[in-house]
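Asks: Encoded as structure tokens, here's the structure I'll be asking about.
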Amino acid sequence: MTTAALAGRGDLAQPLHTIDVSDPALYQQDIWQPLFARLRREAPVHYCPESRFGPYWSVTRYNDIMTVELDHATYSSQLGGIQVEDQPADMKRASFIRMDPPRHTAQRKTVAPVAAPVNLASYETTIRERTRSVLDALPRNESFDWVDKVSIELTTMMLATLFDFPWEDRRKLTYWSDVAICNVAAPDAPVHSEEERFAELLRMADVFKGLWKERAKSTAKLDLISMMAYSEGTRDMPEMEFVGNLALLIVGGNDTTRNSMSGGLLALSQNPDELVKLRANPGLVPSLVAETIRYQTPVIHMRRTATRDAELCGQRIRQGDKVVMWYVSGNRDESVIESPDDFIVDRKKPRQHLSYGAGIHRCVGDRLADLQLRILWEEVLARDLQIEVVGPPKRLYSNFIRGIRKLPVRVAA
Ligand code: HEM
């Protein structure tokens, strides 16, 4: 029986070596918490000898995850990629999140300014206006899907701005993001094989290549395509790297923030006392945002590959081993975070979490994500919107993105 099936029926006495936390069903059913609590307690660096993705190590405690993050010379992103599941050898999509220095350094430098403080200030007015009009247009006294009408709408608009992408086609960005991250085995996935995924991503690349050619001819602008077309580190990129970097930016800027918008609403509806605190003190919004990102943990894991033999928490890691950092677990590590399973909008240290990673690959879009979420909650509070979650969330079948696909809600008139 699979780990998810055993966990689903509450059987936590499973022999340690048979625990396989890579099973996407654990996250779709949202039943991963007790398993990781056990690993943190009994086998914080745990070896799974057999899974559908091959053998792998799980790093489950906050401080050990930090050790792996900060030692990129031992734990490579380039050797085997960033997910427990390997990309098929003939369909590898290189992007700088899958690179080690020095290539990583050059490409990251090109893209990072898009979310630098000076640009964020210029986005704030636009984000606020859009957020206001999306909230004002929501149906009243009838149920609708928050994910579609708010989370997807707002994050897709943001992404279209970052790329200066044709506005009327912006939902294509959402579609490509779903294609890039979906588990092709899930019945509701937008594509059902790696070949189909690859073909869609090549179609995406064609659209972007057209835009790239146009931008390369005109004067330099601040959108991501222009930045990549002009910068020395990226302008002569091979096609597969171009596809990979686009997919990285689309998923990075889209899925994660989208799921934080949905996860925050769900957490507040499950913790009404926290909502009362927030309404009484809207100054808590930045802290709510950080807590939401910790509690939701939109990226479930990142994987590294050992470049040499190493020791981690008393375990012998061999050169070539897969090492998986489970952020969902590190963010619930009771030895570092107080009452980690509780959602608390006025935590003492709300930014102490691993959701954005750490070290040389730490998320480049963290401030932009924070900004979008802060504005959303400021505007919800300013309107005193009474939002009721009226049904269970439908979660994504994935061990990589902790996603909410649907969240039915009703807003009082
Ligand atoms: C709540 C929202 C977000 C979360 C939770 C998140 C999470 C992450 C994580 C976990 C990593 C890898 C860190 C590591 O390996 O140490 C990452 C990297 C990255 N993120 Fe985000 N992200 C978010 C929003 C964004 C946004 C809005 C953008 C783009 C505008 C973005 C772009 C990127 C890029 C380009 C990387 C690769 C960085 C590198 O390899 O150097 N992310 N993000």
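Asks: Compute the relative contact order of the chain as a whole-number percentage, counting only Cα pairs closer than 8 Å that sit 6 or more residues apart in sequence.
Replies: Normalised by residue count, the contact order of the chain is 26 percent.
Asks: Residue farthest toward the positive end of the dipole of the stretch 253-358, with Cβ of Lys/Arg at +1 and Asp/Glu at -1: which of Pro286, Val345, Val324?
Replies: Of the listed residues, the answer is Val324.
Asks: Something else: Counting Lys +1, Arg +1, Asp -1, Glu -1, what net charge surrounds Arg258 among other residues with beta carbon under 11 Å of its beta carbon?
Replies: -3
Asks: Another question, then. When the dipole is taken about the Cα centre of the stretch 320-379, and only Lys, Arg (+1) and Asp, Glu (-1) are charged at their Cβ, what size is it in debye, to the nearest 20?
Replies: Charge dipole of the stretch 320-379: 260 debye, to the nearest 20.
Asks: Is it possible to state the helix-based mean residue ellipticity at 222 nm for the chain, with each DSSP H run of 4+ residues giving -39500 (n - 2.57), the sum divided by total residues, to the nearest 500 deg cm²/dmol? What is it?
Replies: Value at 222 nm, helices only: -14000 deg cm²/dmol.
Asks: What Rg and what Dmax come out for the chain when only alpha-carbon atoms are used, in angstroms?
Replies: Just the Cα atoms of the chain yield Rg and Dmax of 20.9, 64 Å.
Asks: Let me ask something else about it. Classify the stretch 239-318 as rounded, prolate or oblate from the Cα gyration tensor: take a ≥ b ≥ c as the square roots of its eigenvalues, call it rounded if a/c is under 1.5, otherwise prolate when a/b beats b/c and oblate if not.
Replies: Verdict is oblate for the stretch 239-318.
Asks: Over the Cα atoms of the stretch 119-237, Rg to Rh with Kirkwood Rh, two decimal places?
Replies: Rounded to two decimals, Rg/Rh equals 1.03.
Asks: Reachable lysines from Lys149, Cα under 23 Å, same-chain residues fewer than 8 places away excluded?
Replies: Lys172, Lys394, Lys406
Asks: Where Lys and Arg each count +1 and Asp and Glu each count -1, what net charge lies around Leu407 among other residues with Cβ under 14 Å from its Cβ?
Replies: Neighbourhood net charge equals +3.
Asks: Based on alpha-carbon positions alone, could you give the equivalent ellipsoid semi-axes of the stretch 314-413 from the gyration tensor, as √(5λ), descending, whole Å?
Replies: 32, 18, 15
Asks: Separate question: Name the shape class, rounded, prolate or oblate, that the alpha-carbon gyration tensor gives for the stretch 98-153, where a ≥ b ≥ c are the square roots of its eigenvalues, rounded holds for a/c under 1.5, and otherwise prolate holds if a/b is larger than b/c and oblate otherwise.
Replies: Oblate shape, in that a/c is at least 1.5 and b/c is the bigger or equal ratio.
Asks: Would you mind working out the magnitude of the charge dipole of the chain relative to its Cα centre, with +1 at each Lys and Arg C-beta and -1 at each Asp and Glu C-beta, to the nearest 20 Debye?
Replies: Charge dipole of the chain: 540 debye, to the nearest 20.
Asks: Just check the stretch 1-126 against the gyration tensor rule for me: Cα atoms, a ≥ b ≥ c as the square roots of the eigenvalues, rounded for a/c under 1.5, and otherwise prolate or oblate depending on whether a/b exceeds b/c.
Replies: Verdict is prolate for the stretch 1-126.
Here, each number is a calculation from the coordinates, and none is a lab measurement. Since we're looking at a predicted model, the values are computed, not measured. No Cβ is skipped: glycine too gets one built from the backbone with ideal geometry, and neighbour counts run over all protein chains shown.
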